[in-house]
Structures are given as structure tokens and as C-alpha cells.
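**Q** Quick one: the structure is below, and I'll ask about it shortly.
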Amino acid sequence: MPTPLTTAERWPALPAADWEPTRRALHMYLQIVGKTRLTLSPLVNHWWQVPFYVTPRGLTTSAMPYAGGSLEALFDFHDHELRLFTCNGDTRTLRLPEMKSVADFYEQYQKALTELGVQVHLWIMPVEVAELNTPFDEQTESVAYDADAVHRCWRILLESARVLGEFRGRFIGKSSPVHFFWGSFDLAVSRFSGRPAPPHPGGAPHLGQWVMQEAYSHEVSSAGWWPGGAGYEASYYSYVYPQPSDFAQAKVPAPAYYDKDLGEFILPYEAVRTAPNPEKLLLEFLESTYAAAASLGHWDRVALEREATVTT
């Protein structure tokens, strides 16, 4: 019988600087495959048709329809491969450590789709990355692939998805799945008040204002995990749109804090993984930030929450 993982193995360290080149490359790989799902799948409210889902092996698109069949793309972070499956039984595999550049991955991925009979036109410009304005097929610089860091990132996604799933289950109003957005490169779950929101002002790099307005068409409290980058370490976050007055002053468990630049609450991942009970600290953060958002925003909490979790 396998030996159970320790807490440190389930919640491993992931310093941002240690794997930054790999994180950047992996982000681009996920965007390329994610854009396939965006193209093939019919629109679902708030763009819920585009994210990946965490699996016991990595991240999957789930089934994507195409003319003549159905396709799934699975990033396997045990064997470090991208596996493509069709309903006809055909498969193709790309070895991630063997990719020479983002452009190389893009070329090989397109070749694999063609061999599988999947015709899809992808917009090749990265999105939601302020410092990057180069199309995928022109990103020819050599890439690094730190398999151990990628595996640790996936392990954190797996544990975080489990806790976010528990948090999601305490809400009986409209809520999103626990899913991974390839644009912003984060795991997220969202709860909704049921009321329309004011039009979002937009501002995300390479995303039209109408894209953001679809995402934030209704009042929402969102939380999740982000692996870091752009000067930030890996962290959990929580925000609300529109943001009520005094939200930034809400009482949250230490060492969580409100980041004025980001406009959201941040709980450093390092604090969670080294806590005596990581799950307990994370759930306290999720519940306290949501409670502040819902109470200050005058949500109908009695109607939206399971009775046992409603607090004042």
C-alpha cells in the first residue's frame, strides 16, 4: 500500500524566482491549448467554457466538440506530456521537456491537431500578460522546463481545488465550478448574488472591454490561487465586483492583507503551507473575505448559503 503523503509533500514550496522561466513557458502552452477550447466550445456565461479542470494527473480541457467528433487535451504533470484524445480513438502526445521554444510547441501542437483531423483557427496573441506582445509563433527564444517545479505547482492546484470545492459546496446560489483560467493563470471559484453588476471598465491586456463585461456581468465574489510572477509570490486571493465601501477594512485572518494595487485580499501561499492546519487557515480566509463582500454588498445571505455557514 502506498505511503500517504506528508503535509509538506501535499503543500510543497514554490518560490516564484526558482521557476520563473518555466512558469512563463507553461503559461504560453496553456494559453495555446486553452484557445482551442475557446474556439471550439459554445459560449457559457462568464466564459466558463474556456478554463481547464484539475485532475489527478494535471489539467484537462474536458471534451471539446469539433466537426466530426470530440477532442480532449490533457496536460499530464506526472509524465510531463500533453496528450490529445479524440472520440475515434486517435491520440497524439507532445513531450513538454522536449519543447525548444513556445513557437516550437505551437508548431507541433498545430501539426498534431491536423493529424487528428481537427481544424481550428487560433488567435495567436497572448492575453492578460502586460509585458508580452509577441505572437506564439514568434516566441522563438529557448525555454526551460523544470519538471519538479511543474509537478509541485500541480500538487498545490490539486490541494487548493479540494479546499475550494469544499468552500463552494457551502453556497446554494449560483456559483462557478472550481476551474483554472489559462489567461490569468489562476485557479478560481466564484459566487454570485444574483443581481446584475454595473458595466466593467475593462483594462486587461489584449482583452476587449466586452470580454470583461461578460465575465463580470453580475455581482460576484471570487477567490482562488495564483502561482506568482510579476514581482509577487504564490498567493491566495479574494475580491468582489463591484467592491462595497469598507471592504478593504474587513477583518481577515493573519497574515492576509488587502493589496491596494491589486484591489483584493491576499493570503501568501507560504503562510498557508507552513500553517499547523493549512486547510483551516485557507477556509477561514475564504469565508471571512466572502462574508465581508456579501454583508457589505447586502446580498441575501440566508437565501444563498447553507444555514450552518451563515454568519453576521
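**Q** If Tyr106 meets every condition in (1) in a loop (DSSP other than H, G, I, E, B); (2) closer than 21 Å to Arg23 by Cα apart from one, which number is that one?
**A** (1)
**Q** Can you pull out the residues in segment 77-116 that are under 30 Å from Ala230 (Cα atoms), buried (at least 17 other Cβ atoms within 10 Å of the Cβ) and basic (Lys, Arg)?
**A** Passing the criteria: only Arg83.
**Q** Is at least one residue of segment 60-73 hydroxyl-bearing (Ser, Thr, Tyr) and in a loop (DSSP other than H, G, I, E, B)?
**A** yes
**Q** Now for a different question. Pull out all pairs, ordered by first then second residue, where Cβ-Cβ is under 7 Å, the residues are six or more apart or on different chains, the first lies in segment 148-173 and is over 21 Å from Tyr290 (Cβ atoms) and in a helix (DSSP H, G or I), and the second is among the β-branched types (Val, Ile, Thr) and at pLDDT 95 or above.
**A** Hits for this filter: Ala149/Thr22; Val150/Thr22; Leu158/Val54.
**Q** When you look at Arg57, is it within 24 Å of Arg152 (Cβ to Cβ), outside the structural domain of Pro196 (by TED's automatic domain parsing), touching a strand residue (DSSP E or B) at 6+ places or on another chain (Cβ under 6 Å) and without any contact (Cβ under 8 Å) to a residue 12 or more places away in the chain, yes or no?
**A** It is false that Arg57 is within 24 Å of Arg152 (Cβ to Cβ), outside the structural domain of Pro196 (by TED's automatic domain parsing), touching a strand residue (DSSP E or B) at 6+ places or on another chain (Cβ under 6 Å) and without any contact (Cβ under 8 Å) to a residue 12 or more places away in the chain.
**Q** Just to check your reading of the model, which residue among Ala73, Ala8, Ala17 is of a type in the set (A, V, I, L, M, F, W, C) and free of Cβ contacts under 8 Å to residues at least 24 places away in the same chain?
**A** On the way: Ala73 fails: free of Cβ contacts under 8 Å to residues at least 24 places away in the same chain; Ala8 fails: free of Cβ contacts under 8 Å to residues at least 24 places away in the same chain.
Checking each option against the conditions leaves just Ala17.
**Q** Here is a check on your reading of the model: is Arg57 among the basic types (Lys, Arg), crowded, with 16+ Cβ neighbours inside 10 Å and farther than 17 Å from Leu116 by Cα?
**A** Details: among the basic types (Lys, Arg): yes; crowded, with 16+ Cβ neighbours inside 10 Å: yes; farther than 17 Å from Leu116 by Cα: yes.
Criteria met by Arg57.
**Q** Also: Among the residues of segment 64-77, what is the count of those that are more than 19 Å from the chain's Cα centre (by Cα) and not polar (S, T, N, Q)?
**A** Total meeting the criteria: 6.
**Q** Hey, another quick one. Any idea which residue in segment 1-50 is nearest to Gly202 (Cα to Cα), counting only those that are surrounded by fewer than 21 Cβ atoms within 10 Å (Cβ to Cβ) and among the aromatic types (Phe, Trp, Tyr)?
**A** Out of the qualifying residues, it is Trp47.
**Q** Residues that are over 22 Å from Gly229 (Cβ atoms), outside any loop (DSSP other than H, G, I, E, B) and among the aromatic types (Phe, Trp, Tyr): does segment 117-134 have at least one?
**A** No, because not a single residue in segment 117-134 is over 22 Å from Gly229 (Cβ atoms), outside any loop (DSSP other than H, G, I, E, B) and among the aromatic types (Phe, Trp, Tyr).
**Q** Answer yes or no as to whether Val44 is in the same structural domain as Trp123 (by TED's automatic domain parsing), of a type in the set (A, V, I, L, M) and in contact (Cβ under 8 Å) with a residue 40 or more places away in the chain.
**A** Details: in the same structural domain as Trp123 (by TED's automatic domain parsing): yes; of a type in the set (A, V, I, L, M): yes; in contact (Cβ under 8 Å) with a residue 40 or more places away in the chain: no.
Criteria not met by Val44.
**Q** Moving on to the next point. Residues that are under 20 Å from the mean Cα position of the chain (by Cα), outside the structural domain of Glu233 (by TED's automatic domain parsing) and assigned to a strand (DSSP E or B): does segment 82-92 have at least one?
**A** Within segment 82-92, one or more residues are under 20 Å from the mean Cα position of the chain (by Cα), outside the structural domain of Glu233 (by TED's automatic domain parsing) and assigned to a strand (DSSP E or B).
**Q** Only one of (1) of a type outside the set (A, V, I, L, M, F, W, C); (2) in contact with a Pro (Cβ under 7 Å, 6 or more places away or on another chain); (3) not assigned by TED's automatic domain parsing to the domain that holds Tyr236 is not met by Thr134, so which one is it?
**A** Among (1) of a type outside the set (A, V, I, L, M, F, W, C); (2) in contact with a Pro (Cβ under 7 Å, 6 or more places away or on another chain); (3) not assigned by TED's automatic domain parsing to the domain that holds Tyr236, Thr134 violates only (2).
**Q** In segment 241-262, how many residues are of a type in the set (Gly, Ala, Ser) and more than 26 Å from Ala13 (Cα to Cα)?
**A** Residues in segment 241-262 being of a type in the set (Gly, Ala, Ser) and more than 26 Å from Ala13 (Cα to Cα): 3 in total.
**Q** Can Asp76 be described as in contact with a Gly (Cβ under 6 Å, 6 or more places away or on another chain) and either closer than 20 Å to Leu157 by Cβ or in the same structural domain as Arg191 (by TED's automatic domain parsing) (or both)?
**A** So Asp76 fits the description; yes.
**Q** Here is a further query. Those residues that are polar (S, T, N, Q) and closer than 21 Å to Leu296 by Cβ, I need them from segment 215-270; list them, please.
**A** Across segment 215-270, the qualifying residues are Ser217, Ser221, Ser222, Ser238, Gln243, Ser245, Gln249.
**Q** Within the bounds of segment 181-202, is there any residue that is surrounded by fewer than 15 Cβ atoms within 10 Å (Cβ to Cβ), farther than 28 Å from Val272 by Cα, of a type in the set (Gly, Ala, Ser) and at pLDDT below 95?
**A** yes
**Q** Here's something else I'd like to know. Which count do you get for residues in segment 159-172 that are surrounded by fewer than 18 Cβ atoms within 10 Å (Cβ to Cβ) and aliphatic (A, V, I, L, M)?
**A** 1
The values are calculated or read from the model by the stated rules, or taken from the named source; none is laboratory data. Here the structure is a predicted model, which is why all the values come from computation and not from measurement. Positions of Cβ are generated from backbone atoms using ideal geometry, with glycine treated the same way; all protein chains shown enter the neighbour counts.
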